[in-house]
Amino acid sequence: MQENNQSHIRNFCIVAHIDHGKSTLADRMIEMTGVLTKREMQDQVLDNMDIERERGITIKSQATRLVYHAKNGEEYIFNLIDTPGHVDFNYEVSRSLAACDGAILVVDATQGIQAQTLANVYLALEHDLEVFPVINKIDLASARPEEVRQEIEDVIGLGCSDVPLISAKNGINIDQVLEQVITKIPAPVGDPGNPLQALIFDSLYDQYKGVVVFVRIRDGVLKPGMKVHMMATGAEEDVVEVGYFGPGRFIPCDELPAGMVGYFTASIKNIRDSRVGDTVTEAERPCAKALPGYKKAQPMVYCGMYPADTQKYPDLKDALEKLQLNDAALTFEPETSLALGFGFRCGFLGLLHMEVVLERLDREYDLDIISTAPGVVYHVFKTDGTELSLTNPSNLPDPSQIEHMEEPVVNAEVMVTTDFIGPIMQLCQERRGKYLSTEYIEKTRAILKYELPLNEIIYDFFDALKSRSKGYASFDYELKDYEPSELVKMDILVNREPVDALSFIVHADGAYERGRKMCEKLKDEIPRQMFEVPVQAAVGGRIIARETVKAMRKDVLAKCYGGDISRKKKLLEKQKEGKKRMQTVGNVEIPKEAFMNVLKLDDTN
Amino acid sequence: MGERELSQGAAAAYERKDHTGALSLYIHFPFCVRKCAYCDFLSAPADEETREAYVDALAREIKTAGERIAAQQPGHVQYVDTIYFGGGTPSLMTSAQTDHLLTAVAMSFLVADDAEISAECNPGTADQEKLAAWRSMGINRLSIGAQSFHDDDLKRLGRIHTAAQIGQTFRAARQAGFTNISMDLISSLPGQTTGRAKEDLCSAMALMPEHLSVYSLIIEEDTPFRDMYGSRETAPDPAYLPLPDEDTEREIYHRTWQLLEEGGYRQYEISSAARPGYECFHNIGYWKGHEYLGFGLGAASLYGGARWSNTPDLQEYTEAMSAVPQRDIRRELSVLTEKDRLEEFMFLGLRMTDGISEEVFAKTFGKTADEVYGDVIRKQTEQGMLERSGGRLFFTERGVDISNTLMAEYMF
C-alpha cells in the first residue's frame, strides 16, 4: 500500500523562462523513472494498458505519473504537472500550480534570470509552493553557473548552496534533481476520511471516454460509482472511471485518495460542466467550502471568427464547443458581419491563445477561418450615464453619445541587456508606454518597468521587441487597470464601402499612421480587379489615408486551338478555384488571408 | 433583318452553314529546322529517315481511323470539310510525303469539294515548285509564319529566316496560285515599341494577305525565353531587352486591330482577322465545338463526345502505328459531361468577336443561356465586359483584355 502513503507522493511542476530547458528536463526525468509501482506490476495492470493501446488512446501530457526508486531504497510516486509557458495562460498556470506542492525552477546557465523566470517564481510563491532551483546547460562553453547561482540568490532569494548543476540535454546530474524532489518538496497533506475536495486543473474531450477531468485530490477519496458535484457550475455526475497518467496514456485504478493527482470520467454530456479551477466534491457528503481561486477566465482579447465557407457555420459552432472543453478561457457568441456573414465573436486570453485556437480549428477540425482584427475590451461611458463593455468595434455608439472611453492598461516588465535599453525604451514610448523605473539586476542587465495600453501589445509587440533587442529582451505583463483614453474607431473602406470586419479602435494620436499602414498593406493584399479599387481609412467619416489597387490590364490567352483546349480548361478551373479563396465584399474580391495579414504591421522604424 | 445579318461576323456566318455530319482533320508534322526561342509546341529537328518513317505512320493512322469509322457505321464514309497541316514546319515535307498523306485522307474520308485545306509554311522552307505542287494536290490555304519583319527581332526569336524571305515566300505562293494566304505575327516582342509593332503590321498588310493572326507573346514554360525572362516573380535578366509593360502591350494590341480594320480586315477572334469571307473555318470549328480528329504525334481530337490527345513519344507513336493490329495511342481520354460541354461552349465561343448565339445554345443544351449562366451574364453585362445584342453574347473590347478572368466565371 506504499503508493497510497502520502509521504511517498510528490506533486510538482517545472517552471522556467522559454527555452531554458523545461521540457528536456521533464523528458530526462521520465526516462530515469518507471511507469508502474511493484504492486501494480503484480496486479497485471499491463492488460488494461494493452486495451488502452488498442483503442489508440493517448493523452496530452498535462500530467505524468512517475515511479522513482530513491537512493534510500524507497519507492516514490512523482506527479509531474505541466504548466503552459506563456503569459496568455496565466490563469491556467495558476490552476496547475494550485495542484502542486512544489516547483523546480530551471535557469539557463548562459542566460541567467529572465522576465518569465521571475514571473513564474512569483506565481509559484503566491501559491505557497516550495521552489528549488536547478541550473541547466552547464556543459555549454558560454555557461557561467557561478554568476547565475549568485543571481538566483540575490534576485530571487532562493538558497543555492546545493543547487544541482545539470545538463538536461546530456543527462548530467539529473539524479540530484530527482533526489531533491524528495527532500525539498513536501509530501501532500489531506485526510482520506474527509468529504471529497478536489481541484480541476485541466480537462479534455476524448471520443471514447467523453470528458476526462484532471484533478488534484485535497481531501477524501474519489472512486468509480460515486456521485460528484461540481461546486461552481453546479453539475452532478456519476463517476465512471478514475485513474492516473502514464506517459502518454490513461491508466485506470480503483481509487484516487487524498494527495493524489489523477483523472476521472463521468460520461459528462455538457462539456461546459467541467471548468478549470472548479472544486469537485461528493453530492451526498459535500465538503464545507470550495477551494479558493476559482474564477471564470476573463478574455482579454476579442476577434470575430467566420467560416470561409458560409455553409460551415454549424461546424464552426461545434468545433468551438469542443475546444471550449479543453479551454475554459475561450468564449464565443454569435455575431454577424456585413462583409463576412455569420460567425462568432470570440474571446481569448491573448494573441497567442487566439493563434492557438485558429491553428487548432484548421488542423483538428479542417475549418478555414477568417478572423477579424483582434481588439481588447474597452469601457465606453455614454452621455446618458450608462456603461458599455465593447468587444466589437462595430458596436461603438455614435461619438456624440460617448462621454469618454477607457482602455485596459498593463504593468509590463522588460528584462534587457543594457546595450538595448535605448531601442526598447523607444519602442515602449512609441506604444504609448508610461515609464515607471529601471532596475539593474547586475551590471549588464536591467528590468524596465512601463505601463502600456494592452491594445498596443496585442498585435506585434513581441516581434518588435525581439527584432529591436536582437532577441536579448524578455517580457512579461499583468493587467493593471482601466484608464481613460482618447480613442477613435477607424473604418477601412474598400471601393468606398466600409468593411466592418476591418474596423478597429485606435488611439487618436496613432490613427493617421495606422490608417496609412493598413491601406498600404491592404492594397498589396487585394489582387487587381476588373476595375480600379480605392482603399481608404476613415475616422468619424473623414478619410485620412488612401491607396489605389489598379485595375487589371490584361488576362488573356492569345492562342487556343485544338491542342490547347484541355490545357486552357485546366487553367480556367484553377482560376475559378482561386476565386473560392476570395471573400467578396461589395463587389471586390479579397483573399481570405488578407483579413489576418493586414494586421501584421511591419515594425520597420 | 438583312443589315443585322451583315453586321454579324464570322461565328454567325459559320453557324449558318450546315456542318451536320462534317468532320475536321488536323495533321501534325512535328519536325522543324531549329526550335524557336518562344516555342512550346511538340516540335524538334529530325533527319530525313525519321521524317519518312513518321509520314508512313501518319498515313497508317489516317487509314485506320477511316476504317474504324466505317466499321461503326457500315456503308458510311465520313464527310470532311476542313483539313489543316500544322507543326512543326509542315513545309519541310516533300511533295511526295504531302501527296502520300492527302491520298490516305482521300481513301479514308469523303473530302468536300469546297473543303478548306490549310498548311503552315515557314519562309525559306518552300520554293515555288513545292508550293505549286501543294496547290495542285488541293491545298488551298497557306499560313505563313512571318512573326516579324525586323531581322533583329527574328534573330532574337530564333527564327531561321529573314524579313526579305517572307516576301519571297509570299510572292512564290501567289505565283503558285494561292488566293487564300494567312500570315502569323507575334507582337509585344522584347524591346518592342508601339512604333515597331506598327511597322511589322504594315509590312504584313502591304503584302495583302487575306488573313492575319497576331499573337501577343506569351513566355511559355520550358522555352529558352522562359529561361531568359525568368518566372513572373523573378526579375528578368537586365542583359535582355525588357518585355513591354502591360500598358504598352495593351496599346499595341488595340492599335493592331484598329489598323487592321482600317485596312479592310475584320477581327473575328482574340488574335485573328480576315477579309470578309476568308476567316479560317478550321479554327472556327475549334471554337464552335465542331468535331475533329487529330493525326500524328501529340495531336488532339474531339470526337464522339470525348477529347483525347495522342502520345507525345515519337518512338512509341511510330511503333504503335506499324503494329498489327495497331496499338491505341490515345492519352488523357476524357468523355465530356454536359458541364464540360457547357463550359467549353462558353469559353471557346467567347473567344470570337461575335461570341455565342443564344439560339444555338438553347438548341444544343435544351435550356437557355440565362437558365444556366443568368447570374454571370447579368454581372458581366453590368460591368461592361459582356454585351448582349442581336441574340448573341460577346465580350466588349475591355472584356477581351481580361477574358480569362471572365471565362473562369463560366466554369462550374
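Among the helices (runs of 4 or more DSSP H) contained in region B:359-412, which hold 3 or more residues that are among the polar types (S, T, N, Q) and facing another protein chain (nearest Cβ under 9 Å)? Show your work before the answer.
Details: elements: B:369-382, B:397-401, B:403-408.
Hits in region B:359-412: B:403-408.
Does region B:335-355 contain any residue that is surrounded by fewer than 13 Cβ atoms within 10 Å (Cβ to Cβ), in contact with a Phe, Trp or Tyr (Cβ under 7 Å, 6 or more places away or on another chain), within 14 Å of chain A (Cβ to nearest Cβ) and touching a residue at least 12 places away in the same chain (Cβ under 8 Å)? Within region B:335-355 (the criterion being surrounded by fewer than 13 Cβ atoms within 10 Å (Cβ to Cβ), in contact with a Phe, Trp or Tyr (Cβ under 7 Å, 6 or more places away or on another chain), within 14 Å of chain A (Cβ to nearest Cβ) and touching a residue at least 12 places away in the same chain (Cβ under 8 Å)), the answer is yes, since at least one residue qualifies.
Taking region A:61-74 as the search range and keeping residues that are surrounded by 17 or more Cβ atoms within 10 Å (Cβ to Cβ) and modelled with pLDDT of 85 or more, which one is nearest to the chain's Cα centre (by Cα)? Applying the filter and picking the extreme gives A:64. Do we have residue A:509 as over 16 Å from residue A:547 (Cα atoms), surrounded by 15 or more Cβ atoms within 10 Å (Cβ to Cβ) and charged (D, E, K, R) here? The answer is no for residue A:509.
So which of A:492, A:505, A:526 ends up being over 19 Å from residue A:543 (Cα atoms), away from chain B (no Cβ under 14 Å) and either among the β-branched types (Val, Ile, Thr) or free of Cβ contacts under 8 Å to residues at least 60 places away in the same chain (or both)?
Working: A:492 fails: over 19 Å from residue A:543 (Cα atoms); A:505 fails: over 19 Å from residue A:543 (Cα atoms).
Going through A:492, A:505, A:526 in turn, the sole match is A:526.
Residue check: is residue A:571 surrounded by fewer than 19 Cβ atoms within 10 Å (Cβ to Cβ), farther than 30 Å from residue A:393 by Cβ and within 14 Å of chain B (Cβ to nearest Cβ)? If you could, list the steps in order and put the result at the bottom.
Numbers: surrounded by fewer than 19 Cβ atoms within 10 Å (Cβ to Cβ): yes; farther than 30 Å from residue A:393 by Cβ: yes; within 14 Å of chain B (Cβ to nearest Cβ): yes.
Taking the combined requirement at face value, the residue satisfies it.
Whether any residue in region A:204-216 is out of contact with any Phe, Trp or Tyr (no Cβ under 9 Å at 6 or more places or on another chain) and crowded, with 22+ Cβ neighbours inside 10 Å is what I want to check.
To start, the set of residues in region A:204-216 that are out of contact with any Phe, Trp or Tyr (no Cβ under 9 Å at 6 or more places or on another chain) comprises A:205, A:207-208, A:210.
Filter once more, so that each one left must be crowded, with 22+ Cβ neighbours inside 10 Å: none.
There is no residue in region A:204-216 that is out of contact with any Phe, Trp or Tyr (no Cβ under 9 Å at 6 or more places or on another chain) and crowded, with 22+ Cβ neighbours inside 10 Å.
When we screen B:153, B:227 for residues that are assigned by TED's automatic domain parsing to the domain that holds residue B:118 and crowded, with 19+ Cβ neighbours inside 10 Å, the only hit is B:153. Flag: residue A:151 does not match the condition of being within 18 Å of residue A:10 (Cα to Cα) and part of a helix (DSSP H, G or I). Given the condition out of contact with any strand residue (DSSP E or B) (no Cβ under 6 Å at 6 or more places or on another chain), polar (S, T, N, Q) and at pLDDT below 80, answer yes or no: does some residue in region B:9-28 qualify? The answer is yes, given that some residue of region B:9-28 is out of contact with any strand residue (DSSP E or B) (no Cβ under 6 Å at 6 or more places or on another chain), polar (S, T, N, Q) and at pLDDT below 80.
I'm checking my understanding of the structure. Among residues of region A:79-100 that are among the charged types (D, E, K, R) and under 10 Å from the mean Cα position of the chain (by Cα), which one is modelled with the lowest pLDDT? Show your work before the answer.
Residues of region A:79-100 among the charged types (D, E, K, R): A:82, A:88, A:92, A:95.
With the extra rule that they be under 10 Å from the mean Cα position of the chain (by Cα), the set shrinks to A:88, A:92.
Working: A:88: 63, A:92: 72.
Here the answer is A:88.
Those helices (runs of 4 or more DSSP H) of region B:244-338 in which at least 2 residues are farther than 24 Å from residue B:117 by Cβ and modelled with pLDDT under 95, considering only elements entirely within it, cover B:246-262, B:314-322. A Cβ distance below 7 Å, combined with a sequence gap of six or more or placement on separate chains, defines the contacts here; from region B:300-325, residues that are within 18 Å of residue B:84 (Cα to Cα) and not assigned by TED's automatic domain parsing to the domain that holds residue B:84 reach residues that are part of a loop (DSSP other than H, G, I, E, B) and charged (D, E, K, R) in the pairs B:302/B:291; B:303/B:291. Name every residue in region A:161-170 that is farther than 15 Å from residue A:130 by Cβ and over 31 Å from the mean Cα position of the chain (by Cα), in order of residue number. Answer for region A:161-170, where residues must be farther than 15 Å from residue A:130 by Cβ and over 31 Å from the mean Cα position of the chain (by Cα): just A:161. The single residue among B:279, B:332 that is within 11 Å of chain A (Cβ to nearest Cβ) and under 25 Å from residue B:349 (Cα atoms) turns out to be B:332.
Answer yes or no as to whether residue A:447 is of a type in the set (Val, Ile, Thr), over 17 Å from residue A:510 (Cβ atoms) and surrounded by fewer than 20 Cβ atoms within 10 Å (Cβ to Cβ).
On the way: of a type in the set (Val, Ile, Thr): yes; over 17 Å from residue A:510 (Cβ atoms): yes; surrounded by fewer than 20 Cβ atoms within 10 Å (Cβ to Cβ): yes.
Taking the combined requirement at face value, the residue satisfies it.
With respect to residue A:577, is the statement that it is within 27 Å of residue A:305 (Cβ to Cβ), within 14 Å of another protein chain (Cβ to nearest Cβ) and surrounded by fewer than 16 Cβ atoms within 10 Å (Cβ to Cβ) true? So residue A:577 fits the description; yes.
Scanning region B:102-135 for residues that are under 20 Å from residue B:281 (Cβ atoms) and of a type in the set (A, V, I, L, M, F, W, C) yields B:102, B:105, B:106, B:109, B:110, B:111, B:112, B:115, B:117, B:119, B:121, B:134. Residue B:33 meets the stated requirement of being assigned by TED's automatic domain parsing to the domain that holds residue B:221, part of a loop (DSSP other than H, G, I, E, B) and at pLDDT 75 or above. Looking across A:343, A:375, one residue alone is at negative phi, modelled with pLDDT of 90 or more and small (Gly, Ala, Ser). It is A:343. One residue alone among A:499, A:598, A:535, A:549 is away from every other protein chain (no Cβ under 14 Å), more than 30 Å from residue B:87 (Cα to Cα) and touching a Cys at 6+ places or on another chain (Cβ under 6 Å), and that residue is A:535. On the stretch given as region B:182-219, residues that are more than 14 Å from every other protein chain (Cβ to nearest Cβ), surrounded by fewer than 21 Cβ atoms within 10 Å (Cβ to Cβ) and not charged (D, E, K, R) total 11.
Rundown of residues vs (1) within 30 Å of residue B:227 (Cα to Cα); (2) touching a helix residue (DSSP H, G or I) at 6+ places or on another chain (Cβ under 6 Å); (3) part of a helix (DSSP H, G or I), yes/no style:
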residue: B:24; (1), (2), (3): no, yes, no
residue: B:38; (1), (2), (3): yes, yes, no
residue: B:59; (1), (2), (3): no, yes, yes
residue: B:66; (1), (2), (3): no, yes, yes
residue: B:71; (1), (2), (3): no, no, yes
residue: B:74; (1), (2), (3): no, no, no
residue: B:100; (1), (2), (3): no, yes, yes
residue: B:123; (1), (2), (3): yes, yes, no
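Scanning region A:1-24 for residues that are assigned to a helix (DSSP H, G or I) and either farther than 17 Å from residue A:117 by Cα or at pLDDT 90 or above (or both) turns up A:2, A:3, A:4, A:6, A:7, A:8.
For region B:61-89, enumerate the residues that are in contact (Cβ under 8 Å) with a residue 60 or more places away in the chain and either under 17 Å from residue B:300 (Cα atoms) or not assigned by TED's automatic domain parsing to the domain that holds residue B:139 (or both). So that I can check it myself, show each step before the final result.
Filtering region B:61-89 down to residues in contact (Cβ under 8 Å) with a residue 60 or more places away in the chain leaves B:61-62, B:64-65, B:81-84, B:86, B:88-89.
The answer is B:61, B:62, B:64, B:65, B:82, B:83, B:84, B:86, B:88.
Of the residues contained in region A:345-362, none is found to be crowded, with 19+ Cβ neighbours inside 10 Å, touching a residue at least 60 places away in the same chain (Cβ under 8 Å), more than 15 Å from the chain's Cα centre (by Cα) and closer than 25 Å to residue A:202 by Cβ. Need the failing condition index for residue A:559 against (1) over 30 Å from residue B:25 (Cβ atoms); (2) within 13 Å of another protein chain (Cβ to nearest Cβ), just the number. Going through the list (1) over 30 Å from residue B:25 (Cβ atoms); (2) within 13 Å of another protein chain (Cβ to nearest Cβ), residue A:559 breaks only (1).
Kindly indicate which of B:396, B:337 is more than 23 Å from residue B:10 (Cα to Cα) and polar (S, T, N, Q). Full working, then the answer.
Values: B:396 fails: more than 23 Å from residue B:10 (Cα to Cα).
It is B:337.
The values are calculated or read from the model by the stated rules, or taken from the named source; none is laboratory data. Computed from a predicted structure; not experimentally measured. Note that we place each Cβ from the backbone using ideal geometry, even for glycine, and neighbour counts take in every protein chain shown.
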